[in-house]
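Visitor: Have a look at this one.
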Amino acid sequence: MIHYVLLVVCAVAIYLSCEWFVNAVEWLGLRLNVGKTAVGTILAAFGTALPESVVTLVAVTTGADENARDIGIGAAMGGPLALSTIAYGVTGMTLMLKRRREGSAAPQRAGAARGRPRARAVGDERDMKRLAKDQKWFLPIFAVKVALGLVAFAFKPALGALFFATYAVYFWREIRSGDDGGQGEDDELEPLRFQPKAASPSTPAVVGQTLLTLAVIFFASQLFVRQLDAIGPMLGLSTTVTALLLSPVATELPEVMNAVIWVRQGKTRLALANISGAMMIQATVPSGLGLIFTTWKFDAALIWSGAITMAAIVYLLLTMRAHRLTPGRLALAGGFYLVFALGLIPILS
């Protein structure tokens with residue numbers, strides 16, 4: 001019973017910490033003079049993905065045996081899978097609910113096929129181009145990451161440095177891109193929670209709130225994962241199933257929470273940028289660590305997770321490029337995770 005109670009407590013702690021974190025990180029972006037989109041793709045994404053990368057680093061460098069180090073490989077593959085399916089899916093569902101509550105049916109465009117109204121896209125054409133650009137960065141990097149898991153050669157570990165360099169290029173591009181997103185989102189920042197009466201909070205308060213909330217998110221997430229590891233066998237799930245299906249969802253919970261909070265605040269662009277930025281980190285930093293410190297050899301389950309991740313990204317990329325990414329189509333991305341779960345049955349049986 002205690003595991004279920006701790007699971008709920010950790011989930012609540014993560015959500016509340018994420019509310020304070022997104023509040024702080026927006027002010028941090030203002031202090032660092034980075035574009036609004038970079039707040040999501042770089043600052044928020046780096047903050048929430050860093051704890052997971054640390055976990056991967058510990059697993060691949062201090063693992064007692066090859067099986068222990070393989071946990072790091074699983075984490076490097078499970079993160080992008082959960083982000084490209086569940087995170088985008090939850091964001092789409094949250095946006096659908098928000099629009100329904102606001103009575104958004106009225107401004108929907110008429111003249112769709114069979115006389116039915118067509119749902120509005122999640123952003124304008126500029127937003128779609130910006131989001132598609134992130135997916136086009138991610139897809140080839142992830143494809144190379146999967147391909148390297150299928151082959152063995154002597155200098156494979158040296159390629160880990162290329163993944164770090166790739167993220168450095170992406171980081172530099174995002175920082176220099178400025179505010180190139182769409183229009184219509186609320187630009188007014190909420191007062192900093194540490195200094196609610198200050199029109200312009202002090203920099204130490206901004207940094208302090210950011211670091212403190214990150215620490216709470218990190219420890220609550222790790223405790224959340226431990227509870228899932230304990231509950232899995234209680235539900236009759238094997239360790240492998242728990243590691244592949246439940247743990248990635250838990251480790252990406254902060255990104256999902258950030259996205260939900262920003263959608264509720266009417267900042268959909270930041271929500272989607274946070275997910276795409278976290279995906280870029282997950283595609284490069286943990287991969288580089290895995291290549292350097294492990295054999296980086298994939299089994300059938302890892303290959304299947306890679307295939308589903310790429311399928312989800314291709315689906316999202318096509319809808320983005322066609323400017324047809326509605327909240328409903330975004331929510332459908334979550335269905336790819338169900339396909340992954342069903343495909344694991346014959347693989348693990």
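The values are calculated or read from the model by the stated rules, or taken from the named source; none is laboratory data. Here the structure is a predicted model, which means the values were calculated and not measured. Note that each Cβ is placed from the backbone with ideal geometry, even for glycine, and that neighbours are counted across all protein chains shown.
Visitor: Take the residues in region 45-58 that are aliphatic (A, V, I, L, M) and at pLDDT 75 or above; name whichever of them is surrounded by the most Cβ atoms within 10 Å (Cβ to Cβ).
Guide: Restricting to residues being aliphatic (A, V, I, L, M) and at pLDDT 75 or above, the top hit is ALA45.
Visitor: Oh, and also: Assess whether LEU246 counts as being part of a helix (DSSP H, G or I), over 21 Å from LEU214 (Cα atoms), touching a residue at least 60 places away in the same chain (Cβ under 8 Å) and in contact with a Gly (Cβ under 7 Å, 6 or more places away or on another chain).
Guide: no
Visitor: Given the conditions (1) in contact with an Asp or Glu (Cβ under 9 Å, 6 or more places away or on another chain); (2) buried (at least 20 other Cβ atoms within 10 Å of the Cβ), which single one is not true for GLY266?
Guide: Among (1) in contact with an Asp or Glu (Cβ under 9 Å, 6 or more places away or on another chain); (2) buried (at least 20 other Cβ atoms within 10 Å of the Cβ), the lone unmet condition for GLY266 is (2).
Visitor: Now for a different question. Hey, among the residues in region 59-80 that are farther than 18 Å from PHE224 by Cα and β-branched (Val, Ile, Thr), which one's modelled with the lowest pLDDT?
Guide: THR62
Visitor: Mind listing whichever residues of region 306-349 are buried (at least 21 other Cβ atoms within 10 Å of the Cβ) and over 27 Å from ARG269 (Cα atoms)?
Guide: Answer for region 306-349, where residues must be buried (at least 21 other Cβ atoms within 10 Å of the Cβ) and over 27 Å from ARG269 (Cα atoms): just PHE340.
Visitor: Also: Report whether or not ALA301 is free of Cβ contacts under 8 Å to residues at least 12 places away in the same chain and hydrophobic (A, V, I, L, M, F, W, C).
Guide: So ALA301 fails the test.
Visitor: Can you tell me which residue in region 143-168 is surrounded by the most Cβ atoms within 10 Å (Cβ to Cβ), limited to those that are over 13 Å from GLY290 (Cβ atoms) and of a type in the set (Phe, Trp, Tyr)?
Guide: This residue is TYR167.
Visitor: Could we say that ARG130 is closer than 30 Å to ILE308 by Cα, in contact with a Lys or Arg (Cβ under 9 Å, 6 or more places away or on another chain) and at pLDDT 80 or above here?
Guide: Against the criterion (closer than 30 Å to ILE308 by Cα, in contact with a Lys or Arg (Cβ under 9 Å, 6 or more places away or on another chain) and at pLDDT 80 or above), ARG130 qualifies.
Visitor: In this structure, does LEU318 turn out to be at pLDDT below 95, out of contact with any helix residue (DSSP H, G or I) (no Cβ under 8 Å at 6 or more places or on another chain) and either in a helix (DSSP H, G or I) or not β-branched (Val, Ile, Thr) (or both)?
Guide: So LEU318 passes the test.
Visitor: Those residues that are among the polar types (S, T, N, Q) and assigned to a helix (DSSP H, G or I), I need them from region 5-48; list them, please.
Guide: SER17, ASN23, THR37, THR41, THR48
Residues checked against (1) modelled with pLDDT under 95; (2) farther than 30 Å from SER305 by Cβ; (3) more than 18 Å from the chain's Cα centre (by Cα); (4) in a loop (DSSP other than H, G, I, E, B):
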{"position": "LEU83", "(1), (2), (3), (4)": "yes, no, no, no"}
{"position": "LEU95", "(1), (2), (3), (4)": "yes, no, no, no"}
{"position": "VAL122", "(1), (2), (3), (4)": "yes, no, no, yes"}
{"position": "ARG126", "(1), (2), (3), (4)": "yes, yes, yes, no"}
{"position": "PHE138", "(1), (2), (3), (4)": "yes, no, no, no"}
{"position": "GLY160", "(1), (2), (3), (4)": "yes, no, yes, no"}
{"position": "TYR167", "(1), (2), (3), (4)": "yes, no, no, no"}
